[in-house]
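Here is the structure we will look at, set down as C-alpha cells.
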Amino acid sequence: MAERSLATVDPEIAELIKAEERRQADTVKLIPSENYVSRAVLEATGTVLTNKYSEGYPGRRYYEGQQVIDQIETLAIERAKALFGVRHANVQPYSGSPANLAVYTAFANPGDTVMGMGLPFGGHLTHGWTVSVTGKWFNAVRYGVRRDTGRIDMDEVRELALQHRPKLIFAGGTAIPRTIDFGAFAEIAREVGAVLVADIAHIAGLVVGGAHPTPVGHADVISTTTHKTLRGPRGAMLLTDSDEYAAALNKAVFPGLQGGPHNHTTAAIAVALKEAATEEFKAYAHQVVANARALAEELLARGFDLVSGGTDNHLILIDLTSKGVAGKPAAQALDRAGLEANYNTVPFDPRKPFDPSGLRIGTPSVTSRGMREPEMRQIAAWMDEVITALAKGDPEETIARVHREVSELTAKFPTPGLDC
Ligand SMILES: *Cc1c(COP(=O)(O)O)cnc(C)c1O
C-alpha cells in the first residue's frame, strides 16, 4: 500500500508549510539569528533517524540497534572537532538554551555566583537574566557596555569578577555588533578562577569561516547553536579542549538534563559541518561581514544612529530615537514592506522591553541568498523610506511601493533549500 503524502493526510498543515516557504522566499530576512539551510541539511532533518532512541554516547548506549546512529554521531563529533580545532565535542544539546543549562549543571550548583552580560545590553536570557531559571537559581552578576562607546566595558567585567568571584563567566550574546575579545575575558577568568564560557551562538559561522577571532585557546568551554550563522539545523554543541571538562559536560547533557538525542538533527549537524568546512562557506562568512558593513555605512549616511557606531560582524543594532519612531512600530511597518527585522532594546533604553527604542538587523540570510553590497545599499534605502514615512504618520503608499520593489529583488535571488 502506497503511503499517503503530507498533503493528503493533513492538507491544512501542508498548505501552511507551503505558505511559510513562500513567505520566506518573498521576504528580505534581516533577523540576525536566522538563516536559510541548504537542501542537504533539510533532507537530513526529515528522515527516519527521528524514529530511533539512543540515550548515551557512541559505543555506550542504553538501547540496541545503534549500528548506524553511532556512525552518524561519531561523524558529527569528528567534523565539529576538526572544524573548530578542539579536542572534544558534544553534539546532543537540543538547542542553545539547554546547552547553556548543561554548562551550569556541569560547573555550578544552585546558589553559586555566575556572571554574564545583562539582557538589555545584548546578553542572552540564559546568561543569568532575571526571568530565566539561570537568574533565579543562581546568583547572577551582570555586566554591560560603556555608555560612551556602546562596547563591552572590560574594566567593569574585571571589577565585578574580582568583587563577586563567579564560578562561571559567559562571554557572548544576542545583540553585540562588535568583535568579542576572548583573550581579555580569559585573563579575567584566570585571575578569579572562573570557568570561561564563550557562547558563540550568533557568530559560530563567522568563527569557522575566519571572519571573527576564535575563542579556542581562550575559553574553557564553547557553547554554540548550530542554526544561526553556522547554517545548520536547530541544535547546539558544547566544545572544549579539556578532558576533565568534556567528561563533566557529557554527564551534564546526558543523563543530567536530557534523554535521547535527536538523531535526525545530529545527522543534519554533520551535513552542515561538512558544508562549513568548504571554501564556499569561508567566502559566505566574509561576505556576511562585508554586507553588514555596507548596510551599516549606508544607514549611517542616511542619519541612522547605530549602537557602537557600526559593526564588525553580521549584526547591526539601530537606535531609532533620532528618527522619532519606536522599534516595534518600525519593525511592523518594515515587515509589511517585506523587510523582516526585530525590535530590540538598546543599551540604557529609556523605553520598555515590549516597546523598546531599537531595531536589530543582520546579514546572514540575505548573504545566503547571494545578495551583496549593492543590494545592502538598496535595503538601507528602503528602510529609510519606510521609517521616514512612518515618522511622518502616513506610510501606507511607501510601504506598498517598497513591498513591490522588494518582491522584484527577492525574485532574483533564489532561496537555498526551497523550490519556490
Ligand atoms: C540563540 C542564542 C541562544 C539560545 O539558543 P536557542 O536555540 O534559541 O535556545 C543562547 N545564547 C546565545 C548567545 C544565543 O544567541
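The values are calculated or read from the model by the stated rules, or taken from the named source; none is laboratory data. Since this is a predicted model, take the numbers as computed values, not measurements. Neighbour counts are summed over all protein chains in view; Cβ atoms, including those assigned to glycine, are modelled from backbone coordinates with ideal geometry. The protein model used for the area step is the full one, side chains on, heavy atoms only, and it has no ligands, DNA or RNA in it. Shrake-Rupley method; radii C 1.70, N 1.55, O 1.52, S 1.80 Å.
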(request) Kindly indicate the residue of the stretch 96-140 that is under 18 Å from the mean Cα position of the chain (by Cα) and at positive phi and also farthest from the ligand (Cβ to nearest atom) among those meeting that condition. (result) 128
(request) For residue 210, indicate whether it is free of Cβ contacts under 8 Å to residues at least 40 places away in the same chain, open to solvent by 10 Å² or more (accessible area, probe 1.4 Å) and not in a helix (DSSP H, G or I). (result) no
(request) Within the stretch 254-299, track down each residue that is over 14 Å from residue 314 (Cα atoms) and among the aromatic types (Phe, Trp, Tyr). (result) 254, 281
(request) Mind checking which strands (runs of 3 or more DSSP E) fall wholly inside the stretch 298-415 and carry at least 1 residues that are open to solvent by less than 10 Å² (accessible area, probe 1.4 Å)? (result) 315-319, 358-362
(message) If residue 2 meets every condition in (1) at pLDDT below 95; (2) closer than 27 Å to residue 314 by Cα; (3) of a type in the set (Gly, Ala, Ser) apart from one, which number is that one?
(response) (2)
(request) Return only the number of the condition from (1) more than 21 Å from residue 317 (Cα to Cα); (2) modelled with pLDDT under 95 that residue 165 does not satisfy. (result) (2)
(message) Of all residues being crowded, with 21+ Cβ neighbours inside 10 Å and away from the ligand (no atom under 13 Å from the Cβ) in the stretch 222-247, which is nearest to residue 368 (Cα to Cα)? Just the residue, please.
(response) 231
(message) Exactly one of these conditions fails for residue 191: (1) open to solvent by 10 Å² or more (accessible area, probe 1.4 Å); (2) touching a residue at least 40 places away in the same chain (Cβ under 8 Å); (3) in a helix (DSSP H, G or I). Give me its number.
(response) (2)
(message) Of the conditions (1) on the phi < 0 side of the Ramachandran plot; (2) touching a residue at least 40 places away in the same chain (Cβ under 8 Å); (3) open to solvent by 10 Å² or more (accessible area, probe 1.4 Å), residue 66 satisfies every one except a single condition; which number is it?
(response) (2)
(request) Could you tell me whether any residue of the stretch 7-24 is buried (at least 18 other Cβ atoms within 10 Å of the Cβ) and either in contact with a His (Cβ under 9 Å, 6 or more places away or on another chain) or not assigned by TED's automatic domain parsing to the domain that holds residue 95 (or both)? (result) yes
(request) Scan 186, 198 and give me the residue that is within 16 Å of the ligand (Cβ to nearest atom) and either outside the structural domain of residue 237 (by TED's automatic domain parsing) or open to solvent by less than 10 Å² (accessible area, probe 1.4 Å) (or both). (result) 198
(request) Have a look at 285, 272 and point out the one that is out of contact with any Pro (no Cβ under 6 Å at 6 or more places or on another chain), more than 30 Å from residue 61 (Cα to Cα) and of a type outside the set (Val, Ile, Thr). (result) 285
(message) Against the conditions (1) more than 15 Å from the ligand (Cβ to nearest atom); (2) touching a Gly at 6+ places or on another chain (Cβ under 7 Å), where does residue 268 fall short? Just the number, please.
(response) (1)
(request) Determine, yes or no, whether residue 33 is within 24 Å of the chain's Cα centre (by Cα) and either crowded, with 17+ Cβ neighbours inside 10 Å or more than 17 Å from residue 270 (Cβ to Cβ) (or both). (result) yes
(message) Take the conditions over 20 Å from residue 221 (Cα atoms) and either surrounded by 15 or more Cβ atoms within 10 Å (Cβ to Cβ) or outside the structural domain of residue 348 (by TED's automatic domain parsing) (or both) and apply them to residue 149. Does it pass?
(response) yes
